[in-house]
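Undergrad: Below: one structure in structure tokens.
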Amino acid sequence: MVARLGFGGSEFWVADESPEHCNFSPESLGGGTVRMVMVAKDPDAAFARAVKAGAMEIWPVRKDYGWRLGRVVDPFGHHWEIGKPLEG
């Protein structure tokens, strides 16, 4: 299974594990190999849409380290932080 995703005019692809193509899931590797942060104007709304679409909440959107930020894991096992930097 391959999913083509888009956000703010950019697109990216995620896929199920396929060892024959050297594509391994974070679950098989014991965790992800990258940190993905999606910056959104309204992180609360983007986070809610992700959860509604099937992502699982790791931690809710909150103020932390100068950001409003939450974390989800998608059905493929990839972790996403969704947020925006706080001003001033």
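The values are calculated or read from the model by the stated rules, or taken from the named source; none is laboratory data. The structure presented is a predicted model; accordingly, all values stated were derived computationally and were not measured. With ideal geometry, Cβ positions are generated from the backbone for all residues, glycine too; neighbour counts draw on all protein chains shown.
Undergrad: From the set of residues in the stretch 39-57 that are in contact with a Gly (Cβ under 8 Å, 6 or more places away or on another chain) and of a type in the set (A, V, I, L, M, F, W, C), which is farthest from residue 86 (Cα to Cα)?
TA: Only one residue fits best here, namely 47.
Undergrad: Just the residues that are within 20 Å of residue 10 (Cα to Cα) and modelled with pLDDT under 95, please, taken from the stretch 26-49.
TA: Within the stretch 26-49, 34, 35, 36, 37, 38, 39, 40, 41 meet the criteria.
Undergrad: What number goes with the only condition from (1) out of contact with any helix residue (DSSP H, G or I) (no Cβ under 6 Å at 6 or more places or on another chain); (2) modelled with pLDDT of 95 or more that residue 22 does not pass?
TA: Just one mismatch for residue 22, condition (2).
Undergrad: Any chance you could count how many residues in the stretch 15-64 are part of a strand (DSSP E or B) and under 17 Å from residue 4 (Cα atoms)? I'd like the intermediate steps shown before the answer.
TA: Just the residues of the stretch 15-64 that are part of a strand (DSSP E or B), to begin with: 15, 18, 23, 36-39, 56-64.
Checking the rest, the ones that are also under 17 Å from residue 4 (Cα atoms) come to 15, 18, 23, 36, 38.
Selection size over the stretch 15-64: 5.
Undergrad: Where residues in the stretch 35-55 are touching a residue at least 12 places away in the same chain (Cβ under 8 Å) and exposed (fewer than 12 other Cβ atoms within 10 Å of the Cβ), which of them is farthest from residue 78 (Cα to Cα)?
TA: The extreme case among them is 41.
Undergrad: Oh, and also: Determine, yes or no, whether residue 10 is at pLDDT 85 or above and among the hydroxyl-bearing types (Ser, Thr, Tyr).
TA: Details: at pLDDT 85 or above: no; among the hydroxyl-bearing types (Ser, Thr, Tyr): yes.
So residue 10 fails the test.
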